[in-house]
Every structure is written in C-alpha cells, then in structure tokens.
Amino acid sequence: MKLLHIDSSALGANSASRELSAAIVARWKADVPGLSVQYRDLDSDPLPHLDGNGLAKADPARAAESENVLQQFLDADVVVVGAPMYNFSIPSTLKAWIDRIAVAGKTFRYTEDGPEGLAGGKRVVIASTRGGLHADAPSDFQEPYLKFIFGFMGVRDLEFVRAEGLNLSPQHRSDALAVAHAAIGEPVAEAA
Ligand SMILES: Cc1cc2nc3c(=O)[nH]c(=O)nc-3n(C[C@H](O)[C@H](O)[C@H](O)COP(=O)(O)O)c2cc1C
C-alpha cells in the first residue's frame, strides 16, 4: 500500500497542518505494516507556477518533474495533504501541485455526458487549518475547492481533519488542535 504525504504550510515548525498531517500519517504507519510513504514538502521544495512553457513541455527537466508528480499521485492509495487556509483559499504552492495532478486524460476527461474523474479508488485525507472560523461560511474557498477538485478527479473517499479558529487565542488553538487530533480516524477500519 502506498501513501503520499504532502505539506504546504509556510510556517515550518509552528505549522498546525504539518502537526496534523504528520499525526495522520503516523496513524496509517502504525496500522498498515509495510506501508510505503512518499513525502513532498511544497514549501521547501516547491513546484514552479504552471505557465506556458510548462504546458508546452518546453523544458524537459520541468516536464519530467511534472510527470513524476502526477505519477506519484496516481500510484498512491492514500494521499494525506496538509492544507492551511491562506487568503481564504489554499497556499499557491499547493495550487501549483494541483495544477500538475489535474491533467486531462490522466485524472479526468470530458465526455459527451460531461466530465468524468479518472483517479478514483484512492483515499484523500486533508489536514485543514485556518486562523479564523469558516465552517459553512461564504469565506471558505479552501475546503469546498479541495472537495470539488478531488471530486472532479474522481476521488469520492475524502475526509477533512479540521482545526480552525487557531489564531483567535492560544486557548482556541490548543482546543482546536485537540479536537482535530481526536478526530483522526482509524485508517484501516474506515478504509475497509
Ligand atoms: C499568508 C497567510 C494567509 C492567511 N490567510 C488566512 C485567511 O484568509 N483566513 C484565515 O482564517 N486564516 C488565515 N491565515 C491563518 C492560517 O490559516 C493559520 O495560521 C493556520 O494555522 C495556518 O496553518 P499552518 O499553521 O499549518 O500554516 C493566514 C496565514 C498566512 C500565513
């Protein structure tokens, strides 16, 4: 079984989403003997913005990197994503990664009946963190976007582990993180 672990927070060791994504991965490792884990830190090892040269595959090294990122996603049975809210959406580093995995003919295709996701059959767990409170609010362009784009690619098994209100006060932060840690599910039981 293969797990792909992605982090995107720019806050390093102070990052709540890194803390949660690591806890989710640790849970999977403990439950699944021989689990293969691949990790990409999009803050220290970012992908460039997708531009015209990238789309045209003008640079062979860049094209190969994009291909590897896509293949890593396609190969994964489980994808754990640390996704903080930045400016009501996701970090641009995470968007650059999504721009490499949302590829027509690979993870989705258009048909006469509309779009069809091609990357189903995997589980995606998102460690969602935000400074304010946004659940079900019109300010949330982070979780609904992630739910939509992974759904568009065919992912139906999507779970959010959410800690929000993190910047309201130190007490809010510790309470929200405790709730999120407690919400981390049993990997194998839930995946079965
Ligand atoms: C550049 C930046 C933009 C942010 N934008 C928002 C925002 O729009 N709404 C919000 O509630 N919190 C916002 N925050 C707060 C983060 O969501 C909060 O600090 C969260 O803990 C980030 O996750 P992390 O600790 O894993 O980096 C922002 C933080 C940064 C650094």
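The values are calculated or read from the model by the stated rules, or taken from the named source; none is laboratory data. Values in this document were obtained by computation on a predicted structure and should not be read as measured data. Glycine gets a Cβ as well: all are built from the backbone with ideal geometry, and neighbour counts include every protein chain shown.
If you take the residues in the range 20-41 that are surrounded by fewer than 21 Cβ atoms within 10 Å (Cβ to Cβ) and among the polar types (S, T, N, Q), which one is nearest to the ligand (Cβ to nearest atom)?
Once the filter is applied, the top-ranked residue is Gln38.
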Of everything in the range 126-170, what is in a strand (DSSP E or B) and away from the ligand (no atom under 14 Å from the Cβ)? Give them in sequence order. Asp157, Leu158, Glu159
Only one residue in Ala16, Ala26 is touching a Ser or Thr at 6+ places or on another chain (Cβ under 6 Å) and aliphatic (A, V, I, L, M). Which one? Ala16
Within the bounds of the range 100-112, is there any residue that is surrounded by 13 or more Cβ atoms within 10 Å (Cβ to Cβ), among the polar types (S, T, N, Q) and either modelled with pLDDT under 95 or under 17 Å from Val25 (Cβ atoms) (or both)? no
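In the list Ser44, Ser17, which residue meets the criterion of being at pLDDT 95 or above, touching a Gly at 6+ places or on another chain (Cβ under 8 Å) and either surrounded by fewer than 14 Cβ atoms within 10 Å (Cβ to Cβ) or part of a helix (DSSP H, G or I) (or both)?
On the way: Ser44 fails: touching a Gly at 6+ places or on another chain (Cβ under 8 Å).
Going through Ser44, Ser17 in turn, just one is at pLDDT 95 or above, touching a Gly at 6+ places or on another chain (Cβ under 8 Å) and either surrounded by fewer than 14 Cβ atoms within 10 Å (Cβ to Cβ) or part of a helix (DSSP H, G or I) (or both): Ser17.
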Where a residue in the range 52-74 is in a helix (DSSP H, G or I) and among the aromatic types (Phe, Trp, Tyr) and its partner, wherever it lies, is modelled with pLDDT of 90 or more and surrounded by 14 or more Cβ atoms within 10 Å (Cβ to Cβ), with Cβ under 6 Å and at least six apart: Phe73/Ile101
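Matching residues to (1) over 17 Å from the mean Cα position of the chain (by Cα); (2) closer than 26 Å to Ala183 by Cβ; (3) among the hydroxyl-bearing types (Ser, Thr, Tyr):
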| site | (1), (2), (3) |
| --- | --- |
| Lys29 | yes, yes, no |
| Ser44 | no, no, yes |
| Gly54 | yes, no, no |
| Ala61 | yes, no, no |
| Phe88 | no, yes, no |
| Pro91 | no, yes, no |
Out of (1) assigned to a helix (DSSP H, G or I); (2) within 20 Å of Lys95 (Cα to Cα); (3) out of contact with any Lys or Arg (no Cβ under 6 Å at 6 or more places or on another chain), what's the single condition that is false for Lys29? (2)
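Assess whether Asp157 counts as being crowded, with 16+ Cβ neighbours inside 10 Å, acidic (Asp, Glu) and under 20 Å from Val79 (Cβ atoms). Write out each step before concluding.
Working: crowded, with 16+ Cβ neighbours inside 10 Å: no; acidic (Asp, Glu): yes; under 20 Å from Val79 (Cβ atoms): yes.
It is false that Asp157 is crowded, with 16+ Cβ neighbours inside 10 Å, acidic (Asp, Glu) and under 20 Å from Val79 (Cβ atoms).
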Which of the residues belonging to the range 2-14 are surrounded by fewer than 20 Cβ atoms within 10 Å (Cβ to Cβ), within 8 Å of the ligand (Cβ to nearest atom) and either in contact (Cβ under 8 Å) with a residue 24 or more places away in the chain or of a type in the set (Lys, Arg) (or both)? Ala10, Leu11
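Checking the condition under 23 Å from Phe141 (Cβ atoms), touching a strand residue (DSSP E or B) at 6+ places or on another chain (Cβ under 7 Å) and more than 15 Å from the ligand (Cβ to nearest atom), which residue from Val79, Val103 passes? Before the answer, list the steps.
Details: Val103 fails: touching a strand residue (DSSP E or B) at 6+ places or on another chain (Cβ under 7 Å).
Exactly one residue qualifies, and that residue is Val79.
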